[in-house]
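Taking it in order: structure first as structure tokens, then the write-up.
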Amino acid sequence: MARNALEIVPIIEARSAMRLVGDDAQHDALIARYIVGAVEWVERLCRIGIVDTPLSETVGAPAGDEPLVIRHRSHAIRDVSARPSDEPLATPMALSLAPATEAGKGFSLIAMPAGGWPNSSMRVDYTLTTPADAVPGAIRTAIILLCRDMYDMREEVGGSGGVGSGRPWAVYAMIAPYRDNRLTLEDAGWPTPATLDAFPLTPEG
């Protein structure tokens with residue numbers, strides 16, 4: 001699984017895009033920071049979890065034995081647990097994915113635990129995750145282009161400002177298909193009894 005940004009774009013790939021040849025590693029720490037920053041920027045703009053992202057949400061318990069639905073823009077989720085929201089010291093219940101859940105479909109179904117759902121709202125903890133080989137090539141290319149741009153412009157000052165005013169056009173071309181294309185459960189034929197919208201790092205507005 002993609003535990004961190006450097007698994008998505010290794011330093012050697014970013015260095016190649018910056019036309020840094022040989023074994024010169026003097027800027028590797030700076031390049032690593034650029035990679036992390038570029039991944040976070042793409043996550044914010046596309047509202048998608050690329051690297052492992054732990055989240056906590058509070059949601060009403062589903063009715064009866066219906067599953068909990070977590071909408072997300074990552075490949076999958078893991079390490080799901082829940083406890084009543086009014087009992088912060090309670091031992092979390094480990095939860096598992098429902099058999100019908102398919103990775104990469106835009107949502108996950110969480111099966112009801114053996115003891116049933118809590119009678120009140122609950123806090124759900126989970127981790128969004130995407131295998132490194134499941135990150136689209138266009139997203140990886142956009143991250144690499146951003147890193148190269150930040151490196152080339154690292155000593156520049158001033159500029160017109162504003163999000164996107166100084167980013168290469170190719171970056172937006174690469175990520176355009178991955179913006180605002182969230183899947184609706186109704187279109188997929190699934191019920192929506194209880195839903196968490198898991199869009200980490202979502203910009204305001």
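The values are calculated or read from the model by the stated rules, or taken from the named source; none is laboratory data. All of these numbers come straight from a predicted model, not from anything done at the bench. Cβ atoms come from the backbone with ideal geometry, glycine included; neighbour counts cover every protein chain shown.
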* To do: Among the numbered conditions (1) without any contact (Cβ under 8 Å) to a residue 40 or more places away in the chain; (2) closer than 21 Å to Pro113 by Cα; (3) out of contact with any Lys or Arg (no Cβ under 9 Å at 6 or more places or on another chain), tell me where Leu97 comes up short.
  => (3)
* Asked: Of all residues in region 26-57 being of a type in the set (D, E, K, R) and in contact (Cβ under 8 Å) with a residue 12 or more places away in the chain, which is surrounded by the most Cβ atoms within 10 Å (Cβ to Cβ)?
  -> Glu43
* Structure fact -> For Ala170, the lone unmet condition from (1) at pLDDT 85 or above; (2) in contact with a helix residue (DSSP H, G or I) (Cβ under 6 Å, 6 or more places away or on another chain) is (1)
